[in-house]
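Peer 1: One structure, as structure tokens, below. Some questions next.
All of the numbers you see were taken from the coordinates with simple rules; none came from a lab. Keep in mind that what you see is a predicted model, and the values were worked out from it rather than measured. We place every Cβ from the backbone using ideal geometry, glycine too, and count neighbours over all the protein chains shown.
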Amino acid sequence: MFFFDPLWFLIMLPPFIFMLYAQAKVSSTFNKYSKVANSQRITGVEAAHRLLGANGLNNVKVEGVKSRLGDHYDPSKKVLRLSPAVASTPSVAALGIVAHEVGHAVQDKVGYAFLRFRTSLVPAANLGSTLGYIFVILGFLLAMFGAKFGMTVVWAGVFLFSLAVIFSLVTLPVEFNASNRARQMLRSTGMVSVQEYNGASAVLSAAALTYVAATLQAIAQLFYFVLLALGSRR
């Protein structure tokens, strides 16, 4: 069984360490550039309205969200939500984050395929990430007690969890594309100087690491489940 399994630690430790590094990098980079005021003294809210207008997205609302770095674009409600540290601060970091979220709004407008695919996967991914674990554990418990269909339940759990992995994989091109759009917008609008652009780009690059880390963790977990399932056949 896999409770306190050394194999699990062996497989999951590298992506876990990378996740800690990614989170530390995001935090330090955001803290650094959130203290650097942009030359035009544009707050996150003001930048959002400017960039949305420049992209013909006046139908997108801008709202607040309480969670720190909880900034996101909601394609179902056409709402861009900004955290307090971004919305009201005229910092270089705020410009990078806002431009990234507007990048998602532009993806939604043009029908970017990966965004549409990711959005369609949300219900299945949420279900798979929760039920996948439950089915795998339940399946092994059933198999331990002699139930012949135990491994069928395990493989059902592997399939369910794979939906969450697919979601993570699809998230990568969505996030990288949004960051590329953000960099292009900041340049084309003249909203930042060269030095400020470099700072905003550093914030975007640091944030991208967290998505890579999350994907590696999901893949590692799926790999572990598959190894367990295959090993139980012997």
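Peer 1: Take the chain, connect every pair of alpha-carbon atoms lying under 10 Å apart with a spring to form a Gaussian network, then pick out the residue of 153, 26, 203 with the largest mean-square fluctuation.
Peer 2: With Cα springs under 10 Å in the chain, the top fluctuation among 153, 26, 203 is at 153.
Peer 1: Taking the range 34-141, which trypsin sites (Lys or Arg not before Pro) meet the DSSP loop condition and have no more than 12 other C-beta atoms within 10 Å?
Peer 2: Those satisfying the criteria are 35, 41, 66, 68, 77.
Peer 1: Please report, to one decimal in angstroms, the Kirkwood hydrodynamic radius of the range 31-125 built from all distinct Cα-Cα pairs.
Peer 2: By the Kirkwood definition, the hydrodynamic radius is 13.6 Å.
Peer 1: So what are the radius of gyration and Dmax for the Cα set of the range 48-185, in Å?
Peer 2: 19.6, 64
Peer 1: What is the distance, in nm, between label points placed 7 Å from the Cα along the Cα-to-Cβ direction at residue 169 and at residue 21?
Peer 2: Once both label points are built, they end up 2.3 nm from each other.
Peer 1: For a label point 7 Å from the Cα of residue 7 along Cα→C-beta, name the residues of the range 140-175 whose backbone N is under 14 Å from it.
Peer 2: Only 140 fall inside the zone, counting backbone N under 14 Å.
Peer 1: While we're looking at this one, here's another question. Just to confirm a number: summing +1 for Lys and Arg and -1 for Asp and Glu over residues other than residue 204 whose beta-carbon lies under 14 angstrom from that of residue 204, what do you get?
Peer 2: Surrounding charge for residue 204 is +1.
Peer 1: Let me ask another. For a quick check, take a GNM of the chain with Cα springs below 10 Å and name the residue from 143, 48, 206 with the largest mean-square fluctuation.
Peer 2: Judging by the Gaussian network model, the answer is 143.
Peer 1: Further question: Report the Stokes-Einstein translational diffusion coefficient (µm² s⁻¹, integer) for the range 164-234, Rh taken as the Kirkwood radius over Cα pairs, at 37 °C with viscosity 0.692 mPa s.
Peer 2: Rounded to a whole number, D works out at 229 µm²/s.
Peer 1: So how do 205, 179 line up by other beta-carbon neighbours within 10 Å, fewest first?
Peer 2: Lowest count first: 205, 179.
Peer 1: Further question: Mind grabbing the base-10 log of I(q)/I(0) for the chain at q = 0.09, 0.13, 0.18 Å⁻¹? Debye formula, identical points on the C-alpha positions, no solvent, two decimal places.
Peer 2: After summing over all Cα pairs, the log10 values are -0.46, -0.81, -1.23.
Peer 1: When we measure straight from the Cα of residue 32, which lysines land under 28 angstrom away, once same-chain ones fewer than 8 places off are left out?
Peer 2: In chain and number order, the partners are 66.
Peer 1: Provide the FRET efficiency to the nearest 0.05 for the residue 110-residue 149 pair, computing r from the beta carbons and using R0 = 45 Å.
Peer 2: 0.45
Peer 1: Springs between alpha-carbon atoms under 10 Å, Gaussian network over the chain: tell me which of 85, 54, 218 tops the mean-square fluctuations.
Peer 2: 54
Peer 1: When Lys and Arg each count +1 and Asp and Glu each count -1, what net charge do the other residues less than 12 Å away from residue 71, Cβ to Cβ, add up to?
Peer 2: Local net charge: 0.
Peer 1: OK, next. If you count the DSSP beta bridges with both ends in the chain, what percent of them are antiparallel, to the nearest 5?
Peer 2: Roughly 50 percent of the DSSP beta bridges within the chain come out antiparallel.
Peer 1: Quick check: the angle from helix 194-231's long axis to the longest principal axis of the chain, C-alpha only, nearest 10 degrees?
Peer 2: 10 degrees
Peer 1: Moving on to the next point. Tell me which lysines have Cα within less than 18 Å of residue 78's Cα, excluding those fewer than 8 residues away on the same chain?
Peer 2: 61, 109
Peer 1: Given a cut-off of under 8 Å on Cα pairs at least six residues apart, what relative contact order in percent is computed for the range 1-108?
Peer 2: The normalised contact order for the range 1-108 reaches 29 percent.
Peer 1: On C-alpha positions alone, give me the angle between the axis of helix 44-54 and the longest principal axis of the chain, in degrees, nearest 10.
Peer 2: So the inclination is approximately 80 degrees.
Peer 1: Here's something else I'd like to know. What do you get for the angle between helix 6-34 and the principal long axis of the chain? Use alpha-carbon atoms, 0 to 90 degrees, nearest ten.
Peer 2: 10 degrees
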